[in-house]
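Reading through the structure tokens given below for one structure.
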Amino acid sequence: MSSTLPKDIASFLKGKPPLSVELFLQFYNYYVSIGADYVETTKTTVAFGEKRYCYIYQFSKTFVSGVLRMSELHEDPDLFFKTRQVSSTTYVHHFCLYESNDLNINLKKYMKLALSKNK
């Protein structure tokens, strides 16, 4: 595990499947590189931002699943396997990462959008 990871995240990742840790670290490092500065763990997730505009909630042997919370609905079936409105101003967009190239230009665009709306 990277020594630059906050202690709570490093502890959270212990015992998780190696592929899911690798995918999460790639996702985490990209988010931090574009300005994510508040990350915390709960019992079952790693959440970004005080308002939790993004969180990773499933660490499987073959993938990780996460959610981006945004103020607009973005229909992108190649990227989001489920989208829904959870309040009058919030839509959740569920995604999975199976391999490193799943963190692609499209997902990065939505990651930046979620971050920019919650800074």
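Just so it is clear, none of the values below were taken in a lab; they were calculated from the coordinates. A quick note: this is a predicted structure, and the numbers were derived from the prediction, not measured. Cβ: placed from backbone, ideal geometry, glycine included. Neighbour counts: every protein chain shown.
For region 83-116, filtering for residues that are touching a strand residue (DSSP E or B) at 6+ places or on another chain (Cβ under 8 Å), charged (D, E, K, R) and surrounded by 14 or more Cβ atoms within 10 Å (Cβ to Cβ) leaves 1.
The residues on offer are SER65, SER20, and the sole one that is surrounded by 14 or more Cβ atoms within 10 Å (Cβ to Cβ), small (Gly, Ala, Ser) and touching a helix residue (DSSP H, G or I) at 6+ places or on another chain (Cβ under 9 Å) is SER20.
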